[in-house]
Amino acid sequence: MKSHFRLDFTFPRNYEAKILESAPPVHPLERLYHYPVELEEGDRSGAYLRVVPNDGPAWAGFFALGFESDQVINALSSCPDADSLCVVVGGYAYVVKATDPASWFRVEQRPVMELRPVVECDLLLLTGFTTISAVGRGGLQWTTERLSWEGVSITEISGHKLHGLGWDALTDKQVPFEVHLQTGKHSGGARPGTLDPQKA
């Protein structure tokens with residue numbers, strides 16, 4: 001699985017991190033953390049990661065796999081917060097504090113189809129089938145309302161605005177939308193139950 005991980009360290013980081021080929025050997029000083037903490041029966045597959053903070057003890061983490069699919073991504077990325085990292089395994093995204101591995105959250109964007117840093121806005125964007133979420137310095141900043149019946153593509157990011165296309169099942173066409181990156185509010189797009197596509 002290691003070879004299929006996309007690495008993106010666009011944002012500065014206060015740690016080193018790498019994907020391991022297999023479970024790390026038992027180490028008296030390096031604790032192994034599980035994400036999520038309570039593993040379900042189906043959470044036996046996933047990825048192991050070793051993290052070495054610049055100021056703190058090294059640790060290892062097991063991140064449970066979301067989906068077995070070529071459509072979703074596996075990625076390791078730095079975050080707008082230099083002490084945090086984002087790990088995406090089979091489309092499930094976990095954001096963890098490198099200096100405090102017990103401090104973490106899973107982004108509700110499941111599955112994540114695309115990961116994109118936007119340095120000028122200090123955001124890490126996670127795109128799903130119907131919505132987009134943004135992680136900022138303080139954690140999850142926002143998640144858009146539904147932008148599409150199924151399928152979201154980003155076409156351009158200019159300034160504080162994101163432009164993209166979402167599929168409208170009623171017309172079987174790609175409908176443009178615009179998201180304000182500071183707030184997550186959008187205009188345009190298409191979603192079930194919405195007669196007015198401009199209604200956000």
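What to note about this one:
- Residue 99 meets all of the listed conditions (1) in contact with an Asp or Glu (Cβ under 6 Å, 6 or more places away or on another chain); (2) buried (at least 19 other Cβ atoms within 10 Å of the Cβ) but one, namely (2).
- Where residue 103 falls short, out of the listed (1) farther than 30 Å from residue 31 by Cα; (2) of a type in the set (Ser, Thr, Tyr); (3) not in a loop (DSSP other than H, G, I, E, B): (1)
- For the stretch 143-177, a tally of residues being part of a strand (DSSP E or B) and either crowded, with 19+ Cβ neighbours inside 10 Å or more than 14 Å from the chain's Cα centre (by Cα) (or both) returns 20.
- Within the option set 49, 76, 7, being within 19 Å of the chain's Cα centre (by Cα), within 14 Å of residue 97 (Cβ to Cβ) and outside any loop (DSSP other than H, G, I, E, B) holds for one residue only, 49.
- Qualifying residue in the stretch 118-133 (condition: among the acidic types (Asp, Glu), over 25 Å from residue 98 (Cβ atoms) and assigned to a loop (DSSP other than H, G, I, E, B)): no
- Restricting attention to the stretch 14-31, the residues that are more than 23 Å from residue 91 (Cβ to Cβ) and either without any contact (Cβ under 8 Å) to a residue 60 or more places away in the chain or outside any strand (DSSP E or B) (or both) total 10.
- Residues in the stretch 56-77 that are within 27 Å of residue 28 (Cα to Cα) and either of a type in the set (A, V, I, L, M, F, W, C) or surrounded by fewer than 23 Cβ atoms within 10 Å (Cβ to Cβ) (or both): 10 in all.
- Test: residue 111 is surrounded by fewer than 22 Cβ atoms within 10 Å (Cβ to Cβ) and outside any strand (DSSP E or B): yes
- Test for residue 110: is it more than 8 Å from the chain's Cα centre (by Cα), closer than 24 Å to residue 151 by Cα, modelled with pLDDT of 95 or more and not small (Gly, Ala, Ser): no
- Some residue of the stretch 52-69 being in contact with an Asp or Glu (Cβ under 8 Å, 6 or more places away or on another chain), under 22 Å from residue 153 (Cα atoms) and of a type in the set (Val, Ile, Thr): no
The values are calculated or read from the model by the stated rules, or taken from the named source; none is laboratory data. Here the structure is a predicted model, which is why all the values come from computation and not from measurement. Methodologically, a virtual Cβ is constructed for each residue, glycine included, from the backbone with ideal geometry; neighbour enumeration extends over all protein chains shown.
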